[in-house]
Structure formats: structure tokens, C-alpha cells
């Protein structure tokens, strides 16, 4: 898709001003849209709104897309667009909602930039938005069709069949559809859970499927979010922690996500921190069953061994494979870790670790952690194109991941 020549000239002339004010625009956009359409609060993550991550992600995405339209040397936007589409499908976003978003986004542009938004400027940026929106609508329609999902009814009802307490604040739920079979998923994908909270409020949250494909069930592993520095506790994670027991029914989206395990024979390097172990656990379970001879290196950082989620299963799977090795780092109590897999003290340091040649890397954890790990892996010769990552929440890195090494 290309901008019209007239709009391209306007966007080139105004891109810097829009980029400079992009966050202010999106901060104005969301309250205005929610005031006019409160029903959309049931779709968007209220916590990400409160801490400002969603406005930042939207601003970065729109600006990056506009730059991609006017700069032939800009990074390929296709992977970013695909990632956004997967997030939207997991939340049940529908095509008609793009009209609402577009109206209020352009209204916010006018409110922030004022008289600078001439009719020509408004028309050019409206064209940018609809090129972006139509590309997403098309990609999302494809994903809904592949998942066998009617966009008008994007949720399936599941019930909790088992619950396991992994640690004080982390628990796993084994979920089975109330009717029919669980849709097939690719290892590394996630689902959204739609939860009806007290007071009539509804909120979705996305959780990695922490098991490999099992056919009849899926497992999600959830960490209770405790607010720090005055932030509130996580509404959904704590509601699930208090209420999700065997027999509880939950609305579940189709599996989504583009960070998935391939079927090649290339070595696999898994890098995670904290609850970021969940996609790693799914990948390792799948590999131990289908490709037990594939070379795997698992690097994980955690607070302590007692908070190392899913450790027993991970240990069994590493031991069951021909060429799998694990190295853990614990901030506290590394000396008390199991002797079979001794841990190192402190934070993760990959500089002294052996990385197999031609490895494909999967990472999950906080953005600063993944940024540091990516730098270390590139310094050891890993190609950036072979480093894949998953982010919990709005992806503030995806707009241009190649800059993350700087």
C-alpha cells in the first residue's frame, strides 16, 4: 500500500511534528474515545492505560508505520503489523471498531496540534491511519479465518479442570473447552482470558500457553501482580488467583502469537527471566517430546530457586534430551540450588556461555533484561534476525527492534 503523492508530500513535511507530539496525541485520544464509547473499556487493558504503556505503544506504531510509508530505507514494518494483528485477534477486535478509533484519533491530532492541522494535513494523516487500519483488518480477518473464529463471537467457554500452585504467587490452570476440542495452537502462542470482575467490569488479559500442543487441554501459568510504588494490584491476575478453581468457567480467545517454535534441526537457545519462563516451558516440553535430539541451551534468571516457576518439569525435560543443558542465575540463594543444575549468583551474564552456531533464540522477560541479553548474543555472533522475543503487554520495543542493541 502506498500513500497518494499529495499525502506523501504532506506527511514528509509534518512527520517530525507528529512524532514529537505522538504521545500527547494518544494520551488525549484514549480518554476521549472511552468517554464516547465506554463499551470499549471491556476490550482494552485498563492497567496498561493507567501506567501509560498503551498510549506509548500506539504512538510508536503509528509513527513507525508513517515513516515506513515515506522512507524506502525504513525497517520492514511487516513483522510489527503481524504482531499487532495477533494481539488484536486475541482481544476480539472487530473491523467496525477501526472507524471509532480513527475518528477519535484524528480528533486528538487536531486538539494537540491545533491550527497546524490544516484540511490538507488532516486528510494526509487520515490516509495514513486508514492504510494502517486496512492492513490490520485484512491480517486480522485472515487470522480469524485460520483459527475458525467468528469475529462477532470471538470467545470460547473453557472450564478449569486442574489447578497447581507453582509458588506463593504463581499458579497454573489446566483448561478444557466446555464443548468441542481445544483449537490447535503453535508452541509459544498465547490466549486471552476474558474475566467478569465485581461491579460489572470486564477485562481481558493475555497469558502464554505454558504447555506444548496437547489436543484436548491448554495450560496457562499466571503470576499474581502486586502493585509497587503506589500502583494497584493486578485486577485480573488476583481475581483468577482467588477464584479460578476446578469447575470455574472462563472465556478464552483463540491461540495467537507469531513467536513460535519452528520445525528445523537448528540449535535452540532459550533465554528467560521470572514469569518469562512460560513460553520457554512450552517450547522445551514440545522439543523433549518431538525432537529429543535437538541441541538446546536454556538460560534463566530468577529471584531464587523457590520462585523458579515450573522448575521440576523443566529439569525432567532437560534430562530427557540428548543435548540439552541449563544454566540458571539466582539473585538470592544460588548456593542452595540443586547440585544437578548449579546456579550462578546474581543477574544473567551470557558473555562466558557457549552459544551453538546457527542457533535460533527465543527470549521472554522484562524489556531491559531482553535488551541486555540481545546485546550479549549479538556480541557472540548471533544474527539479529535469529533472535525472537515475546513481550507481556504492549510491545514498546517492536517498532524498531534493531535499535535495541544501541
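The values are calculated or read from the model by the stated rules, or taken from the named source; none is laboratory data. The shown structure was predicted, so the numbers you read here are calculated from the model rather than taken from an experiment. Here the Cβ is made from the backbone with ideal geometry for all residues, glycine too, and neighbour counts use every protein chain on show.
Tabulated results
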| item | result |
| --- | --- |
| Candidate set from region 258-280 (those that are in contact with a helix residue (DSSP H, G or I) (Cβ under 6 Å, 6 or more places away or on another chain) and either buried (at least 22 other Cβ atoms within 10 Å of the Cβ) or at pLDDT 95 or above (or both)); member that is nearest to residue 185 (Cα to Cα) | 261 |
| Check on residue 187, in a loop (DSSP other than H, G, I, E, B) and touching a residue at least 40 places away in the same chain (Cβ under 8 Å) | yes |
| Some residue of region 2-24 being surrounded by 15 or more Cβ atoms within 10 Å (Cβ to Cβ), assigned to a helix (DSSP H, G or I), within 21 Å of the chain's Cα centre (by Cα) and touching a residue at least 40 places away in the same chain (Cβ under 8 Å) | no |
| Criterion: touching a residue at least 60 places away in the same chain (Cβ under 8 Å) and either within 30 Å of residue 104 (Cβ to Cβ) or surrounded by 19 or more Cβ atoms within 10 Å (Cβ to Cβ) (or both) - qualifying residue of 162, 140, 166 | 166 |
| Answer from 404, 398 - the residue that is closer than 15 Å to residue 79 by Cβ, at pLDDT below 75 and assigned to a loop (DSSP other than H, G, I, E, B) | 398 |
| Index of the failed condition, residue 286 passing every other in (1) surrounded by 13 or more Cβ atoms within 10 Å (Cβ to Cβ); (2) more than 17 Å from the chain's Cα centre (by Cα); (3) closer than 23 Å to residue 307 by Cβ | (3) |
| Options 316, 325: the member that is touching a strand residue (DSSP E or B) at 6+ places or on another chain (Cβ under 9 Å) and closer than 21 Å to residue 286 by Cβ | 325 |
| Answer residue from region 146-159, given it is in contact (Cβ under 8 Å) with a residue 60 or more places away in the chain and assigned to a strand (DSSP E or B) and is surrounded by the most Cβ atoms within 10 Å (Cβ to Cβ) among those | 158 |
| The one condition in (1) surrounded by fewer than 18 Cβ atoms within 10 Å (Cβ to Cβ); (2) within 25 Å of residue 259 (Cβ to Cβ) that residue 185 fails to fulfil | (1) |
| Residue within region 170-179 that is in contact (Cβ under 8 Å) with a residue 24 or more places away in the chain, buried (at least 19 other Cβ atoms within 10 Å of the Cβ), touching a helix residue (DSSP H, G or I) at 6+ places or on another chain (Cβ under 6 Å) and closer than 17 Å to residue 281 by Cβ present | no |
| Total residues in region 293-331, condition touching a residue at least 12 places away in the same chain (Cβ under 8 Å), surrounded by 20 or more Cβ atoms within 10 Å (Cβ to Cβ) and part of a helix (DSSP H, G or I) | 3 |
| Qualifying helices (runs of 4 or more DSSP H) (wholly inside region 33-126; at least 3 residues being touching a strand residue (DSSP E or B) at 6+ places or on another chain (Cβ under 7 Å) and either within 26 Å of residue 256 (Cα to Cα) or modelled with pLDDT of 90 or more (or both)) | 78-91 |
| Extreme residue, surrounded by the fewest Cβ atoms within 10 Å (Cβ to Cβ), among residues of region 333-373 that are in a loop (DSSP other than H, G, I, E, B) and out of contact with any helix residue (DSSP H, G or I) (no Cβ under 9 Å at 6 or more places or on another chain) | 339 |
| Unique match (being touching a residue at least 60 places away in the same chain (Cβ under 8 Å) and surrounded by 14 or more Cβ atoms within 10 Å (Cβ to Cβ)) among 208, 217 | 208 |
| Residue in region 108-125 that is in contact with a helix residue (DSSP H, G or I) (Cβ under 6 Å, 6 or more places away or on another chain), free of Cβ contacts under 8 Å to residues at least 24 places away in the same chain and buried (at least 17 other Cβ atoms within 10 Å of the Cβ) present | yes |
